[in-house]
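The values are calculated or read from the model by the stated rules, or taken from the named source; none is laboratory data. Given the structure is predicted, the values throughout are model-derived calculations rather than measurements. Cβ coordinates were reconstructed from backbone atoms using ideal geometry, including for glycine residues, and neighbour counts include every protein chain displayed.
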Amino acid sequence: MTNYDYLIVGSGLFGATFAYFARKAGKRCLVIDKRPQLGGNVYCEQIEGINIHKYGAHIFHTNNKEVWDFVNSLVEFNRYTNSPVANYKGELYNLPFNMNTFCQMWKDVHTPEEAKARIEEQKAEAVAALQGQEPANLEEQALCLVGKDIFEKLIKEYTEKQWGRDCKDLPAFIIKRLPVRFVFDNNYFNDRYQGIPIGGYNVLINKLLEGIDTRINCDFFKEYKNNWREVADNLVYTGPLDEYFGYSLGRLDWRTVTFKTRVEDTPNYQGNAVINYTSHNEPYTRVIEHKHFEMFGQAVYDCPKTAVSEEYSTEYKLGMEQYYPVNDDKNNALAEQYRELAAKEENVIFGGRLAEYKYYDMAPITEKVMGLF
Ligand code: FAD
Ligand code: UDP
């Protein structure tokens, strides 16, 4: 007789949502995490009464009403709308690329018609240079999408910092998802619903894990790998795919990010949650001022201090946190071989960002788990 129906490795959004629905279905779950806290990458730490997104800024956004209603049934979401600003050598531009950006970029542009004409003129140069070929890399794709002025000030150097590679050596698809709009609209996402849980993401995670047995500081490979079948009938694994198999086919590559967080003795440091630094002048990609995710209007000033994090993007090395899968041909092929091994594991579900080696936003993770039940 085992104690649990499911041993769930990882208390991130996948593991926690799985545990929630399994419990509702009458199953007994044990959730473990090797970190000293629950919540995976959405975990927030409090500094000066402000929720710090310790593993990167997280904004929940979705078009799926069922997903939105589900998360809101656990915790109310606020009205935060992501509208980052870009700083290029001291010049400020609204993002994503919209009428505000175009009027800031070209002082003689004031209407959608004028902006379109200017972009078309620049796009035409890029298209002509391709001589009938499709854009083969990120640089060519960006030049064909928005032209050289925007590419040079807002894309080129930011992308090089983010990915550690020249724009000519990166796949075109990375840039295709950035919206280009001929309206004055700084909302970064096209989704119908977005926001941050009121009180922070820990409230959401605590609700998902209410009534469920959990253990922190508990590494699956040290404590359960060889004997989990004595503890549970089934395993849900949300850790790195290659690690589960002891890296037997080789190591998958990852991109990682690190953060330098400090407290500033002012209520309002940069006036926005996210400022992207789009030139090589600064070594970081963006600066996050966390209070703006949850405090609006007078509330910003009622909290006398603020906390800011510089975000640095680096190549993954052993011992670092894995953040972004590197979905190039080499890594996709290796991941596929591991997936074939995974499919043969009995009573094991591989789920989430690390175990599927796939970049997932939060809402698709929620949707996927809801689909399993
Ligand atoms: P994770 O949250 O990574 O959870 C996995 C857990 O497994 C971790 O807690 C880890 O400690 C644990 N674990 C791993 N190995 C073991 C082991 N051996 N033993 C025990 N425990 C283990 N999505 C959005 O929708 N909006 C955003 O704005 C957004 N911003 C992002 C910014 C950054 C920098 C990053 C990296 C991601 C962002 N995402 C965003 C994506 C979001 O983080 C993921 O969709 C979500 O966290 C995935 O949940 P998960 O449970 O799969 O993984
Ligand atoms: N990007 C850019 N300039 C910016 C913001 C984004 O060139 O100011 C590019 C960059 O190549 C990045 C991609 O757009 O990798 C996607 O950026 P986004 O911020 O949407 O993704 P995230 O880093 O949040 O996953």
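Counting only residues that are of a type in the set (S, T, N, Q) and part of a helix (DSSP H, G or I), region 118-150 holds 2 of them. Among the residues that make up region 158-177, is at least one of them within 14 Å of residue 102 (Cα to Cα), out of contact with any strand residue (DSSP E or B) (no Cβ under 6 Å at 6 or more places or on another chain) and of a type outside the set (Ser, Thr, Tyr)? No - not one qualifying residue is present in region 158-177. Counting the residues of region 224-280 that are of a type outside the set (S, T, N, Q) and under 24 Å from the mean Cα position of the chain (by Cα) gives 25. Scanning region 170-215 for residues that are within 14 Å of ligand 2 (Cβ to nearest atom) and not in a loop (DSSP other than H, G, I, E, B), which turns out nearest to residue 71 (Cα to Cα)? Ranking the candidates gives 194 first. Applying the condition of being in contact with a Ser or Thr (Cβ under 8 Å, 6 or more places away or on another chain) and closer than 12 Å to residue 30 by Cα to region 190-215 and asking which residue is surrounded by the fewest Cβ atoms within 10 Å (Cβ to Cβ) yields 214.
Tell me, yes or no, whether region 344-362 has at least one residue that is out of contact with any Pro (no Cβ under 9 Å at 6 or more places or on another chain) and in a helix (DSSP H, G or I). Yes, region 344-362 contains at least one residue that is out of contact with any Pro (no Cβ under 9 Å at 6 or more places or on another chain) and in a helix (DSSP H, G or I).
Among the residues of region 297-319 satisfying the criterion of being among the hydrophobic types (A, V, I, L, M, F, W, C) and free of Cβ contacts under 8 Å to residues at least 12 places away in the same chain, which is nearest to ligand 2 (Cβ to nearest atom)? For region 297-319, the residue satisfying everything is 318. For region 349-356, the count of residues that are touching a residue at least 24 places away in the same chain (Cβ under 8 Å) and exposed (fewer than 13 other Cβ atoms within 10 Å of the Cβ) is zero. When the residues of region 87-117 are filtered to those that are part of a strand (DSSP E or B) and touching a Lys or Arg at 6+ places or on another chain (Cβ under 8 Å), the one that is farthest from ligand 2 (Cβ to nearest atom) is 91.
Scan region 51-76 for residues that are of a type outside the set (A, V, I, L, M), under 22 Å from residue 185 (Cα atoms) and buried (at least 17 other Cβ atoms within 10 Å of the Cβ) and the total you get is 4. The set of residues from region 154-168 being modelled with pLDDT of 90 or more and more than 10 Å from ligand 2 (Cβ to nearest atom) comprises 166, 168. Residues of region 18-48 that are touching a residue at least 24 places away in the same chain (Cβ under 8 Å) and either at positive phi or near ligand 1 (Cβ under 8 Å from one of its atoms) (or both): 32, 33, 34, 35, 38, 39, 40, 41, 42, 43, 48.
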